[in-house]
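Following: one structure in structure tokens, then a few remarks.
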Amino acid sequence: MRPPMPRSIIPPGAMLAGLWISALAAAAPPPAPHGPAPSRRQVEWHALEFYGFLHFTVNTFTDKEWGYGDESPEIFNPTDFDADAIARVARDAGMRGLILTCKHHDGFCLWPSKFTDHSIKKSPWRGGKGDVVREVSDACKRHGLLFGTYLSPWDRNHPEYARPAYVEYYRNQLRELLTQYGTLFEVWFDGANGGDGYYGGARERRQIAADYYGWEENYRIVRELQPLATMFSGPDIRWVGNEAGIAGDPCWSTFNRDASQAEAAYRDRLNRGDRPGTEWWPAECDVSIRPGWFYHAAEDNRVRSPENLVDLYFKSVGRGASLLLNLPPDRRGRIHENDIASLRGFRKIIDSIFGTDLAGGSRASASSVRGDDPRFAAGNATDGSRDTYWCSDDRTLTPELVLDLAKPTTFNVVSLREFLPLGQRVDTWALDRWADGRWEEFGKGAAIGNRRLWRGADVTTDRVRLRITAAAACPAISEIALHREPAEVRTAATQQAATEGMPKTGWRAIAATSQCPGHEAARAIDGDPKTLWQAAAGGDGAPPQDLTLDLGKATRIRGIIYVPRTDGKSAGLVDKFQVFVSPDGKDWGEPVASGEFANMLANPIVQEARVEPAANARFLRFRVLHTADGQPPTAAEIGLPLR
Ligand code: FUL
Ligand code: CA
């Protein structure tokens, strides 16, 4: 069999005239995309980089992170809700859009859904005629922001949850949101599911199979009704694998979705992506400006600082992912003043860093320009446009670009971008400065993608060189820019430490149902969050597991603080517990507190549960009823709140 004739790109006439070589040189064809390339909607989404999340529902009024589903709609009653004020805060922070929790896991709907009464229709707010989704989406339009929806698949209120009828209900609600609130830029699908809930009064645990929600059909509905919208945790955008706002270094925008593996390893891959990958599936970093996703007055002084937010920006946007920053409206329906102050500070720093490109007046030259065609010249990387790019010849995989800065310049941030429609081409790169008559390397890294921010010590030079040190296809670079970040920002970036609670002097761990060697009960009260109590492996460590403490003297017990393990592992994170107290370590009586620590796998932050009314006792027992992953319980610290 004869192979088909390759089709020539050279017109036969030109070849005969002997002109084709010079014709090609004057108009070199752009390079072919390498590997999976982003869709148009993904390219547009990449350009947003920074947008906001609004977590608002009954939880705002019950002080919870996960509502059980039995909350009365009457408790939802913000006193001063103002969607315009919220949108202004987001816009002034530099956000490009807002995503609203239209329905969280509790099932309460912030819009008057036709398919349930468990909604705002039954709330006193706006006389039962309100629609938060309408007000927020309209305000976004007025303030130049895009709007997106979050509709929790897990619904702890719905009686039919885990049965086929609920999937129909979910799709009906999805259609309402997709058709009644204008163009959506993102539709957010949450993977969280804790099992138990109210479920119409059944109050039980319900498990679902992996294919329960029929995702392919849900995706089809979104494509049909909102063709421009991206889907998070759907076909377009992947979760970054944590709720800390931090992408891997490097973080590839490509991924192999078929490669299945255990949860922890999979989350690590979500964090870093796969190189090479079979599809374009970029990461979004969802993170809250406070420890929790919903507003809690107790966290008013634990709002991330401007410097901490800048740090997150570098670790998300600066690694090619996007930053979805949550701002929880409070019981007034406003963003709290402390959060606003942080956002203002953040915006000021970001503007001061990126407002000036210190490579602005520079002259760019390159070791290789594709076909010597000015459309691919080095200057395309410094013209401020993401639609133009510098590109080398097909065979030149490690070209270099030099910036002549005219005068000695000091910078400590370098911003790089690849031309995304051609895929992720660059594997590794290095940066050099010209000093004492030779090149000297000051930075290097792997992956560029949508954006790559190098952040280092001050560099002073009048010439900078970008060296592509490995690439899978000839690089296409659409930006190199130099910036200077004020030194103060870096030193202030570490986040405030978690609630410390009472000093633990004189405390003793007098009993534990079980413990592992090296992880004895005493480690939960040694004041060191790096050490932990861990119940015995296997059956002996199965809940219930008690940890009993002697506080040395009668102590005011206003609540309990649970510090989850801080080693990044997720085994044994407590999510159901009881607290008992006793005057003598013998009589314990009924629990003085019990409940749920929500969202422990995705966001294992310090937990505090209240004992109300406060108790006075010398002995304390923490009983673990359940852990998030079913493994024997762990606790880095158990403490008591000061207030
Ligand atoms: C998680 C949820 O369980 C949290 O409550 C929050 O909504 C976060 C954005 O996603 O999976
Ligand atoms: Ca400890």
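What single numbered condition from (1) within 15 Å of the chain's Cα centre (by Cα); (2) of a type in the set (Val, Ile, Thr); (3) within 27 Å of ASP82 (Cβ to Cβ) fails to hold for VAL317?
Failed condition: (3).
Within region 225-234, does at least one residue satisfy the condition of being more than 18 Å from PRO153 (Cβ to Cβ), open to solvent by 50 Å² or more (accessible area, probe 1.4 Å) and not assigned by TED's automatic domain parsing to the domain that holds GLY292?
Checked against the condition, which is being more than 18 Å from PRO153 (Cβ to Cβ), open to solvent by 50 Å² or more (accessible area, probe 1.4 Å) and not assigned by TED's automatic domain parsing to the domain that holds GLY292, region 225-234 yields no hits at all.
Scan region 85-124 for residues that are in contact with an Asp or Glu (Cβ under 8 Å, 6 or more places away or on another chain), crowded, with 18+ Cβ neighbours inside 10 Å and over 22 Å from PHE50 (Cβ atoms) and jot them down.
If the condition is that a residue be in contact with an Asp or Glu (Cβ under 8 Å, 6 or more places away or on another chain), crowded, with 18+ Cβ neighbours inside 10 Å and over 22 Å from PHE50 (Cβ atoms), then LYS103, HIS105, ASP106, GLY107, PHE108, LEU110, TRP111, PRO112, SER113, ILE120, SER123 are the ones that fit.
For GLN424, which of the numbered conditions (1) part of a loop (DSSP other than H, G, I, E, B); (2) of a type in the set (S, T, N, Q); (3) open to solvent by 20 Å² or more (accessible area, probe 1.4 Å) fails to hold?
(3)
Quick one: which residue in ASP393, ASP383 is surrounded by fewer than 19 Cβ atoms within 10 Å (Cβ to Cβ), in contact with a helix residue (DSSP H, G or I) (Cβ under 8 Å, 6 or more places away or on another chain), assigned by TED's automatic domain parsing to the domain that holds GLY445 and acidic (Asp, Glu)?
ASP393
What's the number of the only condition in (1) within 16 Å of ligand 1 (Cβ to nearest atom); (2) over 20 Å from GLU224 (Cα atoms); (3) of a type in the set (A, V, I, L, M, F, W, C) that LEU145 fails to meet?
The one condition LEU145 does not meet is (1).
Identify all residues within region 413-446 that are of a type in the set (Gly, Ala, Ser) and farther than 21 Å from VAL310 by Cα; write none if there are none. It would help to see each step written out before you state the result.
First pass over region 413-446, keeping only residues of a type in the set (Gly, Ala, Ser): 415, 423, 430, 435, 437, 443, 445-446.
Result: GLY423, ALA430, ALA435, GLY437, ALA446.
Please go through region 441-488 and give me each residue that is among the hydrophobic types (A, V, I, L, M, F, W, C), open to solvent by 30 Å² or more (accessible area, probe 1.4 Å) and either part of a loop (DSSP other than H, G, I, E, B) or in contact with a Lys or Arg (Cβ under 8 Å, 6 or more places away or on another chain) (or both), ordered by number.
PHE442, ALA472
Which one of these is at pLDDT below 95 and not assigned by TED's automatic domain parsing to the domain that holds ASP211: ALA247, ALA262?
Just one listed residue meets the conditions, ALA262.
Please enumerate the residues belonging to region 142-155 that are farther than 13 Å from ILE208 by Cα and not hydroxyl-bearing (Ser, Thr, Tyr).
ARG142, HIS143, GLY144, LEU145, LEU146, PHE147, GLY148, LEU151, listed by residue number.
Report, by residue number, each residue of region 499-553 that is of a type in the set (A, V, I, L, M) and either out of contact with any Pro (no Cβ under 8 Å at 6 or more places or on another chain) or within 16 Å of ligand 1 (Cβ to nearest atom) (or both).
ALA509, ILE510, ALA511, ALA512, ALA521, ALA522, ALA524, ILE525, LEU532, LEU547, LEU549, LEU551
Does ARG171 meet the test of being open to solvent by 50 Å² or more (accessible area, probe 1.4 Å) and outside any loop (DSSP other than H, G, I, E, B)?
No, not satisfied.
Results for (1) among the aromatic types (Phe, Trp, Tyr); (2) away from ligand 2 (no atom under 13 Å from the Cβ); (3) at pLDDT below 95; (4) in a helix (DSSP H, G or I), shown as yes or no for each residue.
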{"residue": "ARG490", "(1), (2), (3), (4)": "no, yes, yes, yes"}
{"residue": "GLN495", "(1), (2), (3), (4)": "no, yes, yes, no"}
{"residue": "GLY501", "(1), (2), (3), (4)": "no, no, yes, no"}
{"residue": "ALA509", "(1), (2), (3), (4)": "no, no, no, no"}
{"residue": "SER514", "(1), (2), (3), (4)": "no, yes, no, no"}
{"residue": "ALA522", "(1), (2), (3), (4)": "no, no, no, yes"}
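Please verify whether region 576-596 includes one or more residues that are in contact (Cβ under 8 Å) with a residue 60 or more places away in the chain, of a type in the set (Asp, Glu) and either on the phi > 0 side of the Ramachandran plot or in the same structural domain as ARG523 (by TED's automatic domain parsing) (or both).
First, pick out the residues of region 576-596 that are in contact (Cβ under 8 Å) with a residue 60 or more places away in the chain: 585, 596.
If we keep only those that are of a type in the set (Asp, Glu) as well, we get 596.
Still in the running and either on the phi > 0 side of the Ramachandran plot or in the same structural domain as ARG523 (by TED's automatic domain parsing) (or both): 596.
There is at least one residue in region 576-596 that is in contact (Cβ under 8 Å) with a residue 60 or more places away in the chain, of a type in the set (Asp, Glu) and either on the phi > 0 side of the Ramachandran plot or in the same structural domain as ARG523 (by TED's automatic domain parsing) (or both).
Please verify whether LEU358 is open to solvent by 30 Å² or more (accessible area, probe 1.4 Å), within 23 Å of HIS483 (Cβ to Cβ) and not assigned by TED's automatic domain parsing to the domain that holds PRO306, treating the condition exactly as stated.
For LEU358, the condition - open to solvent by 30 Å² or more (accessible area, probe 1.4 Å), within 23 Å of HIS483 (Cβ to Cβ) and not assigned by TED's automatic domain parsing to the domain that holds PRO306 - is met.
Pairs, please: C-beta under 8 Å, at least 6 apart or cross-chain, first residue more than 14 Å from ALA511 (Cβ to Cβ) and in region 523-545, second away from ligand 1 (no atom under 16 Å from the Cβ) and hydroxyl-bearing (Ser, Thr, Tyr)?
So the pair list comes out as ARG523/THR531; PRO529/THR566; LYS530/THR566; LEU532/THR634; GLN534/THR634; ASP540/SER514; GLY541/SER514; PRO543/THR627.
Which condition number does GLY195 fail, the rest of (1) surrounded by fewer than 20 Cβ atoms within 10 Å (Cβ to Cβ); (2) in contact (Cβ under 8 Å) with a residue 24 or more places away in the chain; (3) not charged (D, E, K, R) being met?
For GLY195, the exception is condition (2).
The values are calculated or read from the model by the stated rules, or taken from the named source; none is laboratory data. A quick note: this is a predicted structure, and the numbers were derived from the prediction, not measured. All Cβ positions, glycine included, derive from the backbone under ideal geometry; neighbour counts span all protein chains shown. The protein model used for the area step is the full one, side chains on, heavy atoms only, and it has no ligands, DNA or RNA in it. Shrake-Rupley method; radii C 1.70, N 1.55, O 1.52, S 1.80 Å.
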